[in-house]
Every structure is written in structure tokens, then in C-alpha cells.
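Notes for the one structure printed next.
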Amino acid sequence: MRRGRFRPAGAALAALLLTGCAQFAGPAGPPAAGVPARADGQDRATPPVLDHVRTTDGVVFLTYDDGADRDPRLTALIRERRLPVTLFLTDTVAGPEYGHFARLRSAGASLQNHTLDHRSLPGLPYAGQRAEICGQQTKLRSRFGVRPRLLRPPHGRYDPTTLRAAADCGITAVVLWRAALTADGDLTYTRGAPHLQPGDIVSVTAPARTEELLRRIEERGLRVGRLEDYLPRPGPAARSGPPGPSSPSGV
């Protein structure tokens with residue numbers, strides 16, 4: 001494997017476009033925090049869009065889309081190491097295996113929203129986007145007893161209507177990625193430094209290479225953190241991050 005290779009922006013984009021769901025098409029620069037949006041006659045702040053979390057802790061966050069974690073090697077890693085990975089589930093892909101995901105959740109995985117049918121959201125009317133997001137919220141709550149607060153829009157694509165619908169469905173952050181592990185084992189970056197940094201959100205599009213990725217993370221003196229613990233919690237009593245010296249917040 002070609003370790004630590006960094007592809008320039010053009011090559012990185014081309015690689016991402018070949019990896020299915022992990023097709024970054026969000027803002028050209030750093031994702032920005034949400035702004036107030038009118039919903040049902042009331043002002044409601046839209047969720048921030050994140051590809052990185054500000055923290056002094058030596059952690060990165062591993063994320064997987066659709067139902068990729070059914071790869072047996074990844075399943076074994078999650079269960080043996082109790083990896084706090086984040087799984088963004090699409091109902092039409094992951095639904096038949098929800099029992100499997102329940103077991104992974106008990107081993108430390110976090111289950112979050114990736115919409116009902118994996119439709120590209122930008123351009124859909126509000127009602128269509130809300131149905132995709134809220135529909136999966138209902139499915140996951142019914143099956144697992146928790147209401148996800150994180151959304152990864154399919155292909156990383158969203159528009160202002162997506163943020164409004166997400167807020168109305170109870171989503172508190174839209175999660176993209178700064179780094180992506182591609183099928184050939186390369187790490188590509190959407191922006192910034194060409195290496196893993198504390199707080200990076202990583203989209204793992206090649207689950208079978210997770211163990212290799214863990215070695216590279218450890219070589220940089222980092223570890224895998226639980227993304228939810230580093231994001232503000234909803235409500236007036238919310239903490240800005242986990243106990244400790246850091247006070248993480250989104251870019």
C-alpha cells in the first residue's frame with residue numbers, strides 16, 4: 001500500500017467521485033455554521049455543517065455510510081476493539097440487517113441518519129427532503145429506541161432546504177468529512193493539510209482497509225474518538241464536549 005500519499009485537489013475529487021456515496025459536493029471552503037431559517041411560522045436555527053471538530057484531544061472520527069460495516073472484517077474490529085465508529089444508515093440498504101446493527105451498537109458503534117432511500121437531496125422540495133430525513137428518524141427510533149441527531153446527506157450534497165428540513169426533523173449537525181479512505185488505500189482530503197489532524201472526520205469508503213487505517217492513525221499519535229461526544233448536545237444544559245481539557249466545537 002502507498003502510505004501517506006496525498007493527492008492534489010483535482011485528483012482527490014476524481015477519486016471521491018469513484019467511491020460511490022462519498023462524493024463531496026458541499027461548500028468549496030470550510031463548512032459554515034447554520035443560520036436561522038423560517039419553519040412553521042417560527043425561527044429555527046439550522047444545524048451546522050461539519051467536516052472537522054476543533055479539539056486539542058488526539059482523536060479522529062471514523063464514519064461509514066449506507067451499510068458498509070457488514071464487511072465481516074470491520075464487524076470483527078468494531079466488536080473486538082469496541083471502536084466508537086459512526087454508521088450513517090440508509091433504510092433501503094441497512095433495513096434488512098437492523099438486528100446486526102443493534103449488535104454493533106451494543107459494541108460501541110453510533111447509528112445515525114443517512115436518509116430513507118439515498119436520494120440526492122439538493123433540488124428536492126422541502127416536503128421531499130423532510131420525508132427522506134424525518135422518515136429515517138422515525139425508522140431508527142422505532143427500531144433502536146433512539147432518535148439520531150446527526151445526518152450525512154447522500155453523496156455529501158445538501159442545499160439550504162436540506163438544512164431547514166434537517167432542523168425540523170431534530171438533526172443537530174450535518175456531518176461531512178475532511179478525509180476519505182479510498183478503495184486503493186489512499187487518504188484524500190477535501191481541503192487543508194494533507195495529513196490526518198486531531199478532530200478530522202474521516203469517511204471510510206473501503207471498510208476492508210480499516211485495520212490499515214488504524215495503524216496509520218496510531219502512527220500519527222492519534223486514536224479513534226466518539227463523534228457524538230465532541231459535538232454540542234441539544235438543550236440548555238448541553239456540554240460543549242466530553243470531560244477533559246478540550247472544548248470542541250465545529251469549524
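Bear in mind that the values in this text are calculations on the coordinates, not laboratory data. Everything numeric in this text was worked out from a predicted model, so none of it was measured. Note: ideal-geometry Cβ built from the backbone for every residue, glycine included; neighbour counts use all protein chains shown.
Structural remarks
- In a fully extended conformation the segment linking Ala183 and Thr56 would gain 42.7 nm over its present Cα-Cα distance, using 0.36 nm per residue.
- Burial order of peptide ranges 190-199, 127-136 (average beta-carbon count within 10 Å, highest first): 127-136, 190-199
- Dipole orientation for segment 47-231: of the candidates Pro122, Gly135, Leu196, Gly135 has the Cα lying most toward the positive pole (charges on Cβ; Lys, Arg +1; Asp, Glu -1).
- The gain in end-to-end length when the Arg215 to Asp117 segment is fully stretched comes to 31.9 nm, 0.36 nm per residue minus the alpha carbon separation.
- Square roots of five times the Cα gyration tensor eigenvalues for segment 47-231, Å: 25, 19, 14
- Paramagnetic label zone (point 7 Å from Cα along Cα-to-C-beta, Asp159; backbone N under 12 Å) in segment 116-137: 120-129
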